[in-house]
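**Student:** Here's a structure for you.
Every number in this text was worked out from the coordinates using simple rules, so none of it is lab data. Since the structure is predicted, the reported quantities are computational estimates derived from the model, not experimental observations. Virtual Cβ from ideal backbone geometry, glycine too; neighbours counted across all protein chains shown.
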Amino acid sequence: MTSERRSQKDWYSILESSPSDMLQDLKQKYQRLALMYHPDKQGPDVTVTEAEEHLHRFIEVDQAWKVLSNQETKRAYDLQLRASELNQSWPVDAHVCLDDMTWDDDNEVYTYGCRCGGEFSIGREEAEGEEAIVCCDTCSLSIEVKTTI
């Protein structure tokens, strides 16, 4: 697991939501928070520090919505969350070399077929480390991808 992935923001908590929320629920939560923290909606009695905090929070809420409102970026983010939850204590079902995976130009990921019919996907940035744990997008199996020999 890369340190970048561990330090990645939790877009769901920023929107005060969960991965099981439907798109409509996410949209309502986004709209409520965006109105609450929008710079134009701040009262005259707000201090400079509070205004900066609200602006920072508004930007985070907007970024979270951009990731979670797009089906492709949400799916990729959810897969990263699942993979980070495994955290090496989860059993690894197979060891695969990056060279054995297929590069998908359209999605810009390496893929490897799972025995359930699903697939394992790893992005280029994740593949830059020595190894990574990747979950199947359909079942609970996981593989360890060795990126170097």
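**Student:** Once you have the Cα-Cα distance between residue 105 and residue 31, take 0.36 nm times their residue separation minus that, and quote the gain in nm to one decimal. Could the numbers behind the result be given before it?
**Tutor:** Values: separation 74, 0.36 × 74 = 26.64 nm, distance 3.44 nm.
Result for the pair: 23.2 nm of gain on full extension.
**Student:** Quick check on the chain: helices-only [θ] at 222 nm, where DSSP H runs of length 4 and up contribute -39,500 (n - 2.57) each and the sum goes over total residues. Nearest 500, please. Can you show the working numbers first?
**Tutor:** Values: 5 runs with 61 residues, N = 149.
It lands at -13000 deg cm²/dmol.
**Student:** Which Cys in the chain stand alone, with every other cysteine's Cβ at 4.7 Å or more from theirs?
**Tutor:** So far as the 4.7 Å Cβ criterion goes, 97, 135 stand without a partner in the chain.
**Student:** What is the antiparallel percent of DSSP beta bridges lying wholly in the chain, to the nearest 5?
**Tutor:** Working: 14 of 18 bridges.
Expressed as a percentage, antiparallel bridges in the chain total about 80.
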